[in-house]
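Read the figures in this text as sums done on the coordinates, not as results from a lab. Since the model is a prediction, treat every value here as computed from it, not as a measurement. Methodologically, a virtual Cβ is constructed for each residue, glycine included, from the backbone with ideal geometry; neighbour enumeration extends over all protein chains shown.
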Amino acid sequence: MDIQSLLSVAPVVVLLVLGYTVGRYREHRHIASIERRERAMGDIGVANLRTIADPDSVAQTLLVCGEAVIASDYFKTFISGLKKIIGGGMPAYESMVMRGRREALLRLLDAARAVGAHEVWNVRFEMPNIGGIQQQAGAVMVEVLAYGTAVVRRK
Amino acid sequence: MIVVNTETIPGHVIKEVRGLVQGNTVRAKHAGRDIAASFKNLVGGEIKGYTELLTEARRQALERMLAQAQQLGANAVVNVRFTTGAITTGAAELYAYGTAVVIE
């Protein structure tokens with residue numbers, strides 16, 4: 001391989017290393033943060049049931065929402081691009097989508113906590129595509145909107 | 001105005017159904033946010049600008065839905081749902097809908 005072709009692949013290698021190291025570090029940090037906050041939110045009940053149990057003790061109900069947009073890193077996008085050819089699971093994207101959902105749910109719980117809610121009922125996840133043009137440009141990201149009905153109980 | 005995504009509101013009786021109310025918003029990209037977004041596509045992680053965009057879009061869709069409910073003389077909206085429509089590759093719609101009701 002001559003020096004010219006070596007130089008032409010160098011930027012890709014740099015981006016792959018950057019994506020792998022920084023992307024992985026950021027993902028680990030994000031998941032650790034999600035797990036910590038999930039434990040802190042453990043006292044708020046979450047269900048996707050449409051009917052609120054024990055309606056007699058309900059003091060207040062309120063729609064709460066949470067949003068998160070999580071991007072893939074260069075390494076994941078590259079590897080998953082190769083995976084598209086041979087087929088099979090894409091664990092890199094699975095973890096990205098779950099990070100988006102868990103983060104959105106945590107923000108929904110933040111909103112529920114802010115109004116002093118004890119539970120959130122009928123939780124739904126929607127994946128809008130507001131940043132649609134990004135995907136067209138080859139960018140990979142997941143947008144999640146979580147919503148549900150926060151319930152404040154009478155003491 | 002009480003807004004929930006359950007079919008009933010505990011502690012309240014639905015006296016009257018005023019009909020379907022809906023609100024939407026179609027958002028396009030924003031150049032400044034795109035620069036941050038393309039950087040995030042290298043190192044991964046949350047794109048805060050896009051999360052804000054999504055929050056604004058959700059608020060606006062809800063606001064428009066609530067304005068309709070107010071016009072119908074409702075004091076609550078039940079069974080609220082969000083859904084998305086792809087308009088073109090450059091823009092997407094966030095759509096909120098629910099049933100406007102009068103409760104007591």
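Applying both filters, DSSP loop and at most 16 other Cβ atoms within 10 Å, to the trypsin sites (Lys or Arg not before Pro) of the stretch A:1-80 gives A:ARG50. For A:LYS155, the lysines whose Cα comes closer than 29 Å to its Cα, not counting residues fewer than 8 places off in the same chain, are B:LYS15.
Taking Cα atoms, how many degrees apart are the long axis of helix A:3-40 and the longest axis of chain A, rounded to 10 and kept between 0 and 90? On a 0 to 90 degree scale, this one is about 20. Go through the stretch A:26-113 and name the chymotrypsin sites (Phe, Trp or Tyr not before Pro) that are in a DSSP coil and have 12 or fewer other Cβ atoms within 10 Å of their Cβ. Answer by residue number: there is no such site. If you take the Cα centroid of the stretch A:91-115 and the Cα centroid of the stretch A:1-62, the two points sit 8 Å apart. Rounded to the nearest 10 degrees, the inclination of helix A:91-114 to the longest alpha-carbon principal axis of chain A is 30 degrees. Given axes a ≥ b ≥ c from the Cα gyration tensor, I'd like to know whether the stretch A:3-153 is rounded (a/c under 1.5), prolate (a/b larger than b/c) or oblate. Verdict is prolate for the stretch A:3-153.
On a 0 to 90 degree scale, rounded to 10, what angle separates helix B:48-71 from the longest Cα axis of chain B? Helix B:48-71 sits roughly 20 degrees off the main axis of chain B. For the peptide B:77-86, the mean number of other protein chain Cβ atoms found within 10 angstrom of a residue's Cβ is 4. Counting Lys and Arg as +1 and Asp and Glu as -1 over every other residue whose Cβ lies under 14 Å from the Cβ of A:GLY23, the net charge comes to +3. Going from the residue with the fewest nearby Cβ atoms within 10 Å to the one with the most, B:LEU54, A:LEU62, A:LEU7, A:LEU18 rank A:LEU7, A:LEU18, A:LEU62, B:LEU54. Taking N as the residue count of chain B, its C-alpha radius of gyration divided by 2.2 N^0.38 Å amounts to 1.33.
Mind checking A:49-61 for the average number of partner chain beta-carbons within 10 Å of each residue's beta-carbon? Write out the running numbers ahead of the final one.
Details: counts 1, 5, 4, 7, 1, 1, 6, 2, 2, 4, 2, 4, 12.
Shielding by partners across A:49-61 averages 4.
Take each residue of peptide A:122-129, count the partner chain Cβ atoms within 10 Å of its Cβ, and average: the result is 6.
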